[in-house]
Amino acid sequence: MDINTWEVDIDTCEMDIDTCEMDINTCEVDIDTCGMDIDTCEMDVDTCEMDVDKCEVDIDMCQMDIDKCEMDIDTCEMHIDTCEVDIDTYSCEVDIDKCEMDIDKCEVDIDKYEMHIDTCEVDIDKCEGDIDKCEGDLDMCEMDIDTCKVDIESVGWI
């Protein structure tokens with residue numbers, strides 16, 4: 001081999017080394033990016049888990065409100081029944097007027113309770129939608145993390 005061949009071989013080796021160093025730098029940037037993606041996904045997971053916890057508490061509260069409203073409606077309906085019986089048996093006009101006012105109040109209360117139940121059901125639907133969105137976000141994060149792990153493994157860093 002003559003000196004020119006060696007110089008060409010040395011130049012080729014130096015270019016190969018430069019290419020390898022650039023590849024290493026690119027891989028390090030990719031690894032850093034994947035690490036940041038994983039951190040972001042972990043924060044998203046934490047946020048979603050907090051949102052799910054809040055929604056579950058909200059759903060429980062709404063369900064308790066619904067249960068209370070349903071009991072209040074039952075109580076009002078029993079009171080109406082009692083007043084209607086009393087109207088037939090009372091001779092005093094004042095008692096009849098009071099019972100009729102109680103019936104009117106109970107009917108207003110029943111409407112109020114039914115509106116509150118409707119509001120709670122809307123809140124429950126919203127929370128369930130939020131939970132579904134969070135679960136979708138979590139699935140995306142898990143796929144991103146898996147992709148990053150594959151990228152990191154492919155360059156032999158894991």
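Note on Met64/Glu107: beta-carbon distance plugged into 1/(1 + (r/R0)^6) with R0 of 22 Å gives a FRET efficiency of 0.40.
Between Lys126 and Thr26, the contour length at 0.36 nm per residue exceeds the alpha carbon distance by 31.6 nm.
If the chain linking Met78 and Met140 were pulled fully straight, counting 0.36 nm for each residue of separation and taking away their Cα-Cα distance, it would gain 17.0 nm. FRET efficiency for the pair Thr119 and Met50, taken as 1/(1 + (r/R0)^6) with r the Cβ-Cβ distance and R0 = 25 Å, rounds to 0.60.
The numbers here are math on the coordinates, done by the rules we state, and not lab data. None of these values were measured; they are calculated from a predicted model. Here the Cβ is made from the backbone with ideal geometry for all residues, glycine too, and neighbour counts use every protein chain on show.
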